[in-house]
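Undergrad: So that we are looking at the same thing, I have put the structure below in structure tokens.
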């Protein structure tokens, strides 16, 4: 790996983890499929690939738009920094009032097509997915040097792959942990701090 690429890869990885590791419908669905051992590989692959495609599209599309308008680039950087600050603040707030991730393991067995249709709904019908992957991750990735943007995409996509793989295939071991509010309290505290660090980095790039 190019030494200059590693910090960009790491920034994409941390941003991706910070945005994806949260209590939500998609994560609960992946955990549920893991507990049921029902088409886990297909669900994990779909969710990870969907994130990778959206992230790539965001970075490439934003890269072209921002290259044509430096003023837009600065405005989006400032907006992204504000978003990260608010996200970090909310994560720290969740750390003070921790929740839990619950997923039922029973129910009727479904075919692969039906399960993937549900995965698509949880992934693509959530507007926050587009705000996170296309707008936020895309605008931050597009600010990286053109030759190194692929490393940022790889880092952010690796976060999705690692998380969904861990959640789906490690569900039997992880379910008791994620049912404990204390575990989410620690995770949210780390996410909050990470978001503030990335916010500071984005502000520095903007000015």
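Undergrad: Does any residue in the stretch 1-20 that is touching a residue at least 60 places away in the same chain (Cβ under 8 Å) come within less than 9 Å, Cβ to Cβ, of a residue that is assigned to a loop (DSSP other than H, G, I, E, B) and surrounded by 21 or more Cβ atoms within 10 Å (Cβ to Cβ) six or more places away or on a different chain, and which pairs are these?
TA: 8/144; 11/144; 12/144
Undergrad: In this structure, is residue 22 at pLDDT below 85 and within 14 Å of the chain's Cα centre (by Cα)? Lay out the reasoning, then the answer.
TA: Numbers: at pLDDT below 85: yes; within 14 Å of the chain's Cα centre (by Cα): yes.
In short, yes.
Undergrad: Any residue at all in the stretch 155-176 that is without any contact (Cβ under 8 Å) to a residue 60 or more places away in the chain and either part of a loop (DSSP other than H, G, I, E, B) or farther than 28 Å from residue 59 by Cβ (or both)?
TA: yes
Undergrad: If I filter the stretch 101-111 down to residues being within 16 Å of residue 179 (Cβ to Cβ) and either surrounded by 12 or more Cβ atoms within 10 Å (Cβ to Cβ) or out of contact with any helix residue (DSSP H, G or I) (no Cβ under 9 Å at 6 or more places or on another chain) (or both), which single residue comes out as modelled with the lowest pLDDT?
TA: Restricting to residues being within 16 Å of residue 179 (Cβ to Cβ) and either surrounded by 12 or more Cβ atoms within 10 Å (Cβ to Cβ) or out of contact with any helix residue (DSSP H, G or I) (no Cβ under 9 Å at 6 or more places or on another chain) (or both), the top hit is 105.
Undergrad: Would you confirm whether or not the stretch 93-100 contains a residue that is in contact with a helix residue (DSSP H, G or I) (Cβ under 7 Å, 6 or more places away or on another chain), farther than 21 Å from residue 202 by Cα and part of a helix (DSSP H, G or I)? Give the steps one after another, and end with the answer.
TA: Kept after step one, since they are in contact with a helix residue (DSSP H, G or I) (Cβ under 7 Å, 6 or more places away or on another chain), are these residues of the stretch 93-100: 94-95, 98-100.
Okay, now just the ones that are also farther than 21 Å from residue 202 by Cα, so 94-95, 98-100.
Subsequent filtering for residues that are part of a helix (DSSP H, G or I) retains 94-95.
Yes, the stretch 93-100 contains at least one residue that is in contact with a helix residue (DSSP H, G or I) (Cβ under 7 Å, 6 or more places away or on another chain), farther than 21 Å from residue 202 by Cα and part of a helix (DSSP H, G or I).
Undergrad: Name the one entry in 118, 185 that is over 13 Å from the mean Cα position of the chain (by Cα), assigned to a helix (DSSP H, G or I) and within 22 Å of residue 91 (Cβ to Cβ). Show your work before the answer.
TA: Values: 118 fails: within 22 Å of residue 91 (Cβ to Cβ).
On inspection, the qualifying residue turns out to be 185.
Undergrad: Still on this structure, I have one more. Can you tell me which residues in the stretch 25-45 are assigned to a loop (DSSP other than H, G, I, E, B) and either within 13 Å of the chain's Cα centre (by Cα) or crowded, with 19+ Cβ neighbours inside 10 Å (or both)?
TA: Our first condition is that a residue be assigned to a loop (DSSP other than H, G, I, E, B); within the stretch 25-45, this holds for 37-39.
Answer for the stretch 25-45, where residues must be assigned to a loop (DSSP other than H, G, I, E, B) and either within 13 Å of the chain's Cα centre (by Cα) or crowded, with 19+ Cβ neighbours inside 10 Å (or both): just 39.
Rundown of residues vs (1) within 18 Å of the chain's Cα centre (by Cα); (2) crowded, with 17+ Cβ neighbours inside 10 Å; (3) under 22 Å from residue 30 (Cα atoms), yes/no style:
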position: 140; (1), (2), (3): yes, yes, no
position: 147; (1), (2), (3): no, no, no
position: 168; (1), (2), (3): yes, yes, yes
position: 177; (1), (2), (3): no, no, yes
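The values are calculated or read from the model by the stated rules, or taken from the named source; none is laboratory data. No experiment lies behind these values; they were computed from the predicted model shown. Backbone-built Cβ (ideal geometry, glycine too); neighbour counts: all protein chains shown.
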